Amino acid sequence: MLLARFPEESKTFIGIDDTIEPHDQSQFEDLLHRLNPPGLPPYKVTLNQNCPIILLRNLNLCDGLCNGTRLTCCDFKTHVVSANISVGDFKNTHLFIPKIPLLSSQDEKMHIPFKRTQFPVRVFFAMTINKEQGQTLDFVGVYLREPVFSHGQGDHYTDNIVYNEIIQKATL
């Protein structure tokens, strides 16, 4: 829905899923396209010029291409995405991200190990707490539309509590 608001036309890139055991390919191919295991890009990645994307794999740590790097998509071709790093020490660094083969994790409850060849990126407009670990933020805003407590543990409002001691230590 958000990508539709970008003025440029979006493009969808289809990945290639291959089972590790060749004799399983025809039997499980449709199932693999629907799987979306953590750490792997989706089978279909829709990109738009200037859309925010996040890198899902360490590609080149020396150039700032590590898991969780926030990027802005500049352009895309069939086998490569052109992007700029959005934040951090490598901000505004222009780079190219190729389609690469990625293996599903062995420790998952995945009965069918497979390889997905796709851009190692995902469109993102917000980050989860797990992905945000290790990121440096200047400001954080939390919008609580509904009470965050359940089962009668809180009232129908959430207090905005500010600890001045923490703010003072942060400004030193």
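The values are calculated or read from the model by the stated rules, or taken from the named source; none is laboratory data. This one's a predicted model, so the numbers in the text were calculated from it and none came from an experiment. For neighbour counting, all protein chains shown are included, and Cβ atoms are generated from backbone atoms with ideal geometry for every residue, glycine included. The protein model used for the area step is the full one, side chains on, heavy atoms only, and it has no ligands, DNA or RNA in it. Shrake-Rupley method; radii C 1.70, N 1.55, O 1.52, S 1.80 Å.
Here the relative contact order of the stretch 48-97, from alpha carbon pairs under 8 Å that lie six or more residues apart, stands at 28 percent. When nucleic acids and ligands are ignored and a 1.4 Å probe is applied, I16 ends up with an accessible area of around 90 Å². Surface listing: R116, R122, R70, R34 arranged by accessible area from highest to lowest gives R34, R122, R70, R116, probe 1.4 Å. Which one, Q25, T72, N36, is farthest towards the positive end of the dipole of the stretch 7-79 when Lys and Arg carry +1 and Asp and Glu -1 on their Cβ? Checking the options against the dipole of the stretch 7-79, the answer is T72. Short-range pairs are left out: with C-alpha atoms under 8 Å and at least six residues apart, the relative contact order of the stretch 1-133 is 26 percent. The string of couplings for the stretch 26-33 from the Karplus curve (6.51, -1.76, 1.60, θ = phi - 60°) is 5, 6, 10, 4, 5, 4, 4, 5 Hz, one whole number per residue in order, with x for Gly and Pro.
Let's test the formula: R0 of 30 Å, r as the Cβ-Cβ distance of C66 and N36. What FRET efficiency results, to the nearest 0.05?
Numbers: r = 22 Å, r/R0 = 0.73.
Step by step, r from the Cβ atoms, then E = 0.85.
Considering every pair of different Cα atoms, what Kirkwood radius, in Å, is found for the stretch 1-132? List each step's numbers first, then the result.
Numbers: mean 1/r = 0.0641 Å⁻¹.
Averaging 1/r across every pair of different Cα atoms and inverting gives 15.6 Å.
Of the residues D24, D89, the one with the largest accessible area comes first in the ranking D89, D24, computed with a 1.4 Å probe on protein heavy atoms.
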